[in-house]
Structure formats: C-alpha cells, structure tokens
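To start, the structure itself, in structure tokens.
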C-alpha cells in the first residue's frame, strides 16, 4: 500500500468520524436515545482508531537500530491490532451494555428529529469516507474480491478503514431502524434492541480485524505472485541454475526478507559465486523493490537431497542442514 493512499483514506475517515461523533452526542443529549449514545461512542472509538493508525505509520518509518536491525515496519501491524481491541472493548462491548440497559429500562425517544437528522447526516459523511477508502483500495486489489483483499493485504490500514466504514454504515442503518421502530410503536425497547445489534456488529468486525492483524504480527510470507517473481529473478541459467529452497517474511508492509539456498555450478570459483550472488540480489530488488533484506546461500544441487526438503530435526539457531548438497 502506498503511504499516501493509506493516509488519505485514514484522514478522510478521521474527519468524518469526528464530525459524526459530535453530532451524535448532541442528538443523544436532546433525545435520550441509547442508539445515539452507542453510535457516538462508536464514532469516537473510530476516531481514536484512525489516530492509532497514523501513529503506527509514523513510528514504522524510524531507521533500523542495532537493537532492531530489521527496522520498525511491524509497528503498523501492532497499531492495527490495537485498533481491533479498541473497537471490541470500547465500541462493541459498550454498545451491548447500553442496549441491554435500555431493554431493561426502556423509555421513549424524545425530540425524534435530532437522532433522525443526525443519522441521515452520518450516513452521508460515512458514505464519503467509505467511497474514499474504496477508491484507494481499488488501486491495489486488482482482480481480488473484497474478501480476498482484506485477507491478503499486507498493509493493514486500508482493510481496517474499509471494515470500520462498512460497519459504521450498517450500524447507522440499525440505529435508524431502532429509533424508527421506537417512534412508530412508542416502545423504547426497540431503541435498545438496535443498540445491541450495533454492539454485536462491532464485536464481529473487531474479531475479523484481530484475526487478520494477528496473522501479520506472527509473520506472513510473500504472496504467490511475488514468490514467482523472486524465483524467476534469482535464476540466470548460467551461474545460478535454480532455487533449491526459499523462505520469505514480511518485516513490514513494504519490507520483505528473502532467504534462499541457490544452486551454482560445481566448478565455479568463489569469485564467480560471489559475483553471481550480487547479480541475483540486484535482479531480485529490481523485480520486487520491497525485497529489502536478501540472504542467498550457494550450494550444489542434488535432486535426491532436495526432495527431502528442510531437515525437520534442525534446531533453531543451529546449522542449516537444508537438502541440496
């Protein structure tokens, strides 16, 4: 994800959520609608989430240090995971609690034009934010479906904003339905039911975000297309004849570690092998610019040994007994 694209979507969502949160709290003060209170807290939590994403993006740009030699790219994953926690705890659980209280002690919605007017305004503002996120995401997702884009994206910001805005729009429809039914029936319990539905929706979105960002935090490999590009760029057919084994790991959304055992000619000199490795690294970086850290180990290819794959008994930190020699 380009930094400019992600930042544009985050700032658009932040501006919309701050304006919406203020209007929802005003509507709650005049109407007493629990849906408005839950939606106000939801928008306030979303605003905090956008601040977290901006902070994560800024901190991830720090230069590598001896203590963190691979840099701080994963800060973006950490802050995206914090977003899911905030959305779950502050947004979802508060809404469920508030809705439960309203169901237990219902009261009529007063000054109905406040919540209805605010909800209509919020739908327009959230729609603008969602449209911006869709436009920025379309530049990256290519032929992927939206579900595939959310699952496969290595940069967490756009999937987070997309899911937040999507959830906010559905939540607004639920709030409008709860307030509308409460007004039509004269029974405030519908306002509470709408609030509980909003809370359950936010919890569901938070769990999806947590699962996806957890996978990024644990460390994900490059996608199949990127792996194929790296393999094709590594082999020159002369000195480097094939890739025996390769591992990739995202150090950040735009930082990739590549570690590979490559096959070289058995009669090549050390100078020739060193030159071939340097040339292969240059080709990899040209084909996949995010490949920032590359480790290539030369070996003599043996089909029988390579078929065995990595040695499962190799201890972490111990000698690499990967097949190939």
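All of the numbers you see were taken from the coordinates with simple rules; none came from a lab. Predicted model only: the values in this text are computed from it and were never measured. Cβ atoms come from the backbone with ideal geometry, glycine included; neighbour counts cover every protein chain shown.
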> Going by how many other beta carbons lie within 10 Å of each one, how would you line up 97, 113, fewest first?
Replying inline: 113, 97
> Arranged by the count of other C-beta atoms within 10 angstrom, fewest first, what order do 89, 34 take?
Replying inline: 89, 34
> Counting other C-beta atoms within 10 Å, which of 191, 267, 225 has the fewest, and how do the rest follow?
Replying inline: 267, 225, 191
>> Give me the base-10 log of I(q)/I(0) for region 224-308 at each q in 0.13, 0.17, 0.21, 0.23 Å⁻¹, Debye formula, one uniform scatterer per Cα, rounded to two decimals.
In response: -0.39, -0.65, -0.94, -1.09
>> Compute a Gaussian network model of the chain, connecting alpha carbons closer than 10 Å, and tell me which residue from 206, 29, 12 fluctuates the most.
In response: 29
> Going by alpha carbons, how many degrees (0 to 90, nearest 10) lie between the helix axis of 157-185 and the longest principal axis of the chain?
Replying inline: 20 degrees
>> Going by Cα centres, region 101-158 and region 84-98 are how many Å apart?
In response: 16 Å
>> Percent of Cα-Cα pairs more than 16 Å apart in region 188-251, please.
In response: 67 percent
> Given the chain, what percent of its DSSP beta bridges are antiparallel, to the nearest 5?
Replying inline: 55 percent
> Once the Cα atoms of helix 224-234 and of the chain are each reduced to a long axis, what angle between those two axes, in degrees from 0 to 90 to the nearest 10, is obtained?
Replying inline: 20 degrees
> Label points 7 Å out from Cα along the Cβ direction at residue 228 and residue 100: separation in nm?
Replying inline: 5.1 nm
> Under a GNM of the chain (C-alpha, springs under 10 Å), which listed residue has the highest mean-square fluctuation: 27, 147, 287?
Replying inline: 147
> Working from the pairwise distances between different alpha carbons, so that the mean of 1/r is found and then inverted, what is region 156-268's Kirkwood radius in Å?
Replying inline: 18.3 Å
> With r defined as the distance between the Cβ atoms of residue 211 and residue 51 and R0 fixed at 30 Å, what FRET efficiency is calculated, to the nearest 0.05?
Replying inline: 0.85
> For region 39-166, what is one quarter of the convex hull surface built on the Cα atoms, given in nm²?
Replying inline: 10.2 nm²
>> Which residue fluctuates most in the GNM of the chain (Cα springs below 10 Å): 234, 271, 185?
In response: 271
> Expressed as an acute angle from 0 to 90° and rounded to the nearest 10, what is the orientation of the C-alpha long axis of helix 189-218 relative to the principal long axis of the chain?
Replying inline: 10 degrees
> For the chain, what is the calculated [θ] at 222 nm in deg cm²/dmol (nearest 500), taking -39500 (n - 2.57) for each run of four or more DSSP H residues and dividing by its residue count?
Replying inline: -22000 deg cm²/dmol
> Given the Cα-Cα distance of residue 235 and residue 58 and 0.36 nm per residue of separation, how much length would full extension add, in nm?
Replying inline: 60.0 nm
>> If you consider only alpha-carbon coordinates, what radius of gyration and Dmax does the chain have, in Å?
In response: 25.8, 89
